[in-house]
Amino acid sequence: MTLGILLVGGMGTRLMPLTRDTPKPMLPIAGLPVTEHQLMAAKRAGITTIVLATSYLSDVFTPYFGDGSQWGLDVRYAVEESPLGTGGAIKNAAAALNLKAGSDEPIVIFNGDVLSSHNLAKQIQEHVAHNADVTLHLTHVEDARAYGCVPVDESGRVTAFLEKMENPITNTINAGSYVFHPSVIETIAANTVVSVERDVFPALVTAGKKIYGYIEDAYWLDIGTPRALLAGSKHLVYGDFKVDPTSTIAASAKLQDGSSIGAGCEVGDDVVISGSIVCAGVVIETGSEIRNSFIAPNSHIPKDSKIIGNYYSNELISPLNL
Ligand code: GTP
């Protein structure tokens with residue numbers, strides 16, 4: 001049995017207004033919420049029980065995932081009345097795992113806004129083989145200036161956690177999936193705002209704990225901005241388009257460039273949809289053109305509309321700043 005915690009309680013401010021009514025991890029990527037892609041990856045790696053650590057718009061998760069049995073998982077929920085930060089969220093969620101004293105069952109923690117096809121089972125195996133306190137997935141990026149970087153020594157041990165900087169000393173970054181020995185959770189203060197990246201990890205390195213990097217450059221994307229969200233959805237569509245089977249698409253409509261159409265949509269004659277995410281329950285009338293845009297759930301798009309590089313809902317239309 002391997003246990004997991006999925007961090008899904010952030011405000012997703014960089015994705016506003018997309019995250020006004022939908023928490024970032026519930027935004028659709030190729031027609032499925034980011035969290036659902038992550039649950040399936042967790043299941044493939046042998047995780048059996050997973051706690052969703054929720055806060056912002058916490059009510060949205062339970063009706064969708066229920067007890068998790070549809071995915072062959074035991075899904076549980078932990079709610080923070082006010083956000084406790086990534087470290088505080090881990091502490092709060094761990095209570096729902098009912099850990100036995102002295103357990104050394106690995107606990108896998110996921111940032112809820114990352115798409116990654118790295119070999120999670122191998123990351124867990126290496127963690128156990130090293131008898132590590134924490135094993136982090138690390139990946140290389142071309143430009144590490146937007147990220148904190150994580151140098152490792154020749155044995156793969158993490159030597160520091162460095163904040164964002166103009167001239168990063170390495171392009172190896174924290175990819176947002178961690179395997180914890182349960183004793184690490186005991187080091188985090190309860191009911192306190194704590195950041196795992198800024199507080200917990202640097203303190204563990206300073207204390208000489210065994211923090212290892214699992215370095216793998218598989219497909220990896222942080223979907224935290226509109227541009228990245230649209231790109232991630234295109235990547236996972238694997239073709240020109242993906243349409244939920246409950247939607248109706250006119251024969252003359254053209255769907256292109258990795259567009260995805262959610263459940264219960266109606267797409268009229270001569271509509272063009274390119275490089276876009278269309279959420280569930282959207283009606284798009286005849287002759288409209290939608291490119292590189294995000295269409296919120298239940299939007300109604302009148303005839304001959306042109307929506308280019310925009311967020312569109314019935315109440316608000318705004319540029320995505322792609
Ligand atoms: P921005 O506001 O746009 O930076 O997004 P964010 O709020 O999601 O923050 P960030 O990208 O740093 O968060 C990384 C992951 O941790 C995301 O999956 C968040 O949902 C999650 N997260 C961040 N803060 C909290 C928190 O206080 N509680 C919980 N439960 N999850 C959090």
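No value in this document is a laboratory result; all are computed from the given coordinates. Here the structure is a predicted model, which is why all the values come from computation and not from measurement. Every residue, glycine among them, receives a Cβ derived from its backbone with ideal geometry; neighbour counts consider all protein chains shown.
So if I take the alpha carbon set of segment 282-322, get Rg, then get Rh from the Kirkwood formula, what is the Rg over Rh ratio?
Value, to two decimals: 0.93.
Name the shape class, rounded, prolate or oblate, that the alpha-carbon gyration tensor gives for segment 239-319, where a ≥ b ≥ c are the square roots of its eigenvalues, rounded holds for a/c under 1.5, and otherwise prolate holds if a/b is larger than b/c and oblate otherwise. Please list the in-between numbers first.
Values: a/c = 1.27, a/b = 1.24, b/c = 1.02.
Because its axes are fairly even, with a/c under 1.5, segment 239-319 counts as rounded.
Taking N as the number of residues in segment 136-221, what is its alpha-carbon radius of gyration divided by 2.2 N^0.38 Å?
1.09
Quick check on segment 12-68: what are the equivalent-ellipsoid semi-axes from the Cα gyration tensor, as sqrt(5λ), descending, whole Å?
Three semi-axes, in Å: 21, 13, 10.
Based on alpha-carbon centroids, what's the gap between segment 190-210 and segment 49-74 in Å, whole number please?
So the separation of the two Cα centres works out to 27 Å.
Mind checking the angle between helix 226-237 and the chain's longest principal axis? C-alpha axes, 0 to 90 degrees, to the nearest 10.
Once rounded, the angle reads 80 degrees.
What is the P(r) of segment 66-192, as percent of Cα-Cα pairs per 10 Å bin from 0?
For segment 66-192, the binned pair fractions read 11, 35, 38, 14, 1 percent.
Roughly what angle does helix 34-44 make with the longest principal axis of the chain, taking Cα atoms, 0 to 90 degrees, to the nearest 10?
So the inclination is approximately 50 degrees.
To the nearest 10 degrees, how steeply does helix 120-130 sit against the main Cα axis of the chain, on a 0 to 90 scale?
With rounding to tens, the tilt is 10 degrees.
Nearest 0.05, what FRET efficiency do Asn314 and Ala251 give at R0 = 30 Å with Cβ-Cβ as r?
Details: r = 27 Å, r/R0 = 0.90.
In this case the efficiency is close to 0.65.
Quick one: Cα centre-to-centre distance for segment 16-41 and segment 275-322, in angstrom?
Centre-to-centre distance over Cα atoms comes out at 18 Å.
Would you mind checking segment 298-322 for residues with the amide N under 20 Å from a putative spin-label position 7 Å along Cα→C-beta of Thr286?
Taking a point 7 Å out along Cα→Cβ of Thr286, the residues of segment 298-322 whose backbone N falls under 20 Å are 300-307.
Rounded to two decimals, what is Rg over Rh for segment 1-121 when you use alpha-carbon atoms and the Kirkwood radius? Please report the intermediate quantities before stating the final value.
On the way: Rg = 13.7 Å, Rh = 14.5 Å.
Across segment 1-121, the Cα-based Rg/Rh ratio is 0.94.
Would you list the P(r) distribution for the chain, with all Cα-Cα distances sorted into 20 Å bins from 0 and each bin expressed as a whole %?
32, 54, 15, 0
Over the Cα atoms of segment 113-157, compute the convex hull volume and normalise it per residue, giving Å³.
Details: hull volume 5.0 nm³, N = 45.
Expressed per residue, the convex hull around the Cα atoms of segment 113-157 is 112 Å³.
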